[in-house]
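**Student:** Structure in structure tokens, see below.
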Amino acid sequence: MPEGPSIVILKEAVQMFKGQRVAAVRGNTKIDKDRMKGQQIIDFKSWGKHFLICFPKFAIRIHFMLFGSYRINEEKETPVRLSLEFKTGKLNFYACSVQVIDEPLDSLYDWPGDVMNDSWDPKKAKKKLKALPDLMVCDALLDQHIFAGVGNIIKNEVLFRIYVHPKSTVGNLPVKQLNMLIKEARNYSFDFLQWKKQYVLKKHWLAHTKRTCPRCKIPLNKEYLGKTNRRSFFCNNCQVLYQ
Ligand SMILES: [Zn+2]
């Protein structure tokens with residue numbers, strides 16, 4: 001599943017279609033495709049893992065779920081979910097969720113809650129975390145209402161980076177660790193963005209999918225943790241359990 005930084009990469013990659021009109025629409029999505037025909041794209045936005053194609057009176061929300069993908073000026077052999085054709089190229093989406101949004105985006109999206117957004121607000125994140133003291137930090141990082149855009153890779157790497165055990169609860173984190181959690185959720189997301197652009201993301205993983213702790217040189221643990229039950233890679237020796 002693409003995490004926030006990957007959606008930012010997509011947003012940057014499609015900028016050439018901004019201002020263009022949709023010449024043709026295809027795909028097996030059940031939404032009313034005719035609405036888009038002839039319409040001008042006024043912007044592309046992202047919020048967490050959502051990719052938003054903005055038209056003057058509505059927007060299209062793309063969520064890649066587990067297996068979604070896209071191609072720019074290329075086609076895959078699998079059935080296309082939504083294909084937008086322009087004078088100068090085309091944009092194809094596969095195996096994703098497609099929805100029409102008629103409400104104004106500002107009324108729907110908490111932009112300061114997106115770790116990649118310019119308006120990201122760490123104080124707001126802290127307030128939300130403090131209201132959920134019993135939440136495990138592995139679940140907190142994946143909570144899209146707190147850290148929109150953070151996915152499983154970012155979660156594992158952030159917790160390793162700040163020496164915090166994934167089973168620690170938010171309420172038991174010392175202030176310093178709580179602040180680091182919030183700071184690194186954004187910092188690591190931008191590192192992820194740069195590494196992904198240079199095709200070196202995996203090379204920089206320290207914990208995610210790894211078998212040995214690079215700090216302690218002992219085996220890492222792999223467990224499915226929290227209410228989200230997602231794969232966690234962590235070191236029992238150098239990541240402190242606060243509970
Ligand atoms: Zn270790």
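The values are calculated or read from the model by the stated rules, or taken from the named source; none is laboratory data. All values reported here derive from a predicted model rather than from experimental measurement. Using ideal geometry, Cβ is built from the backbone for each residue, glycine included, and neighbour counts are taken over all protein chains shown. Ligands, DNA and RNA are stripped out before the accessible areas are found, and what is left, the full protein with its side chains, is counted by its heavy atoms. Shrake-Rupley method; radii C 1.70, N 1.55, O 1.52, S 1.80 Å.
**Student:** Heavy-atom accessible area of D34 with all protein chains present, probe 1.4 Å, nearest 10 Å²?
**Tutor:** 120 Å²
**Student:** With every protein chain present, what accessible area does H204 have (1.4 Å probe, heavy atoms only), rounded to the nearest 10 Å²?
**Tutor:** Accessible area, nearest 10 Å²: 60 Å².
**Student:** Under a 10 Å cutoff between Cα atoms, tell me which one of V98, V175, V137 has the largest fluctuation in the Gaussian network model of the chain.
**Tutor:** With Cα springs under 10 Å in the chain, the top fluctuation among V98, V175, V137 is at V175.
**Student:** For the chain, with a Gaussian network of springs between Cα atoms less than 10 Å apart, report the residue from K202, K124, K176 with the top mean-square fluctuation.
**Tutor:** K176
**Student:** Sticking with this structure for a sec: Which peptide among 68-79, 10-21 comes first, and what is the full order, when sorted by highest mean count of other Cβ atoms within 10 Å?
**Tutor:** In decreasing order of mean packing, 68-79, 10-21 become 10-21, 68-79.
**Student:** Of the residues L105, L159, L141, which exhibits the maximal mean-square fluctuation in a Gaussian network model of the chain defined by a 10 Å Cα contact cut-off?
**Tutor:** With Cα springs under 10 Å in the chain, the top fluctuation among L105, L159, L141 is at L105.
**Student:** For segment 170-228, what's the radius of gyration and Dmax over Cα atoms, in angstrom?
**Tutor:** Calculated on Cα positions, Rg and Dmax stand at 14.1, 37 Å.
**Student:** So, one more: If you count only protein heavy atoms and use a 1.4 Å probe, how large is the accessible surface of S107, to the nearest 10 Å²?
**Tutor:** 80 Å²
**Student:** List the lysines whose alpha-carbon lies under 22 Å from that of K37, not counting same-chain residues fewer than 8 positions away?
**Tutor:** Correct list for K37: K11, K18, K45, K57, K87, K90.
**Student:** Restricting everything to alpha-carbon atoms, can you work out Rg to Rh for the chain with a Kirkwood hydrodynamic radius?
**Tutor:** 1.02
**Student:** Leaving ligands, DNA and RNA out of it, rank D121, D134 by accessible area with a 1.4 Å probe, largest first.
**Tutor:** Final ranking, largest accessible area leading: D134, D121.
**Student:** Quick check: the distance between the Cα centres of segment 64-79 and segment 97-154, to the nearest angstrom?
**Tutor:** Spelled out, the Cα-based centre of one part sits 26 Å from the other.
**Student:** Using a 7 Å offset from the Cα along the Cα-to-Cβ direction at both E12 and N28, what is the distance between the two label points in nm, to one decimal?
**Tutor:** My value for the distance between the label points is 3.3 nm.
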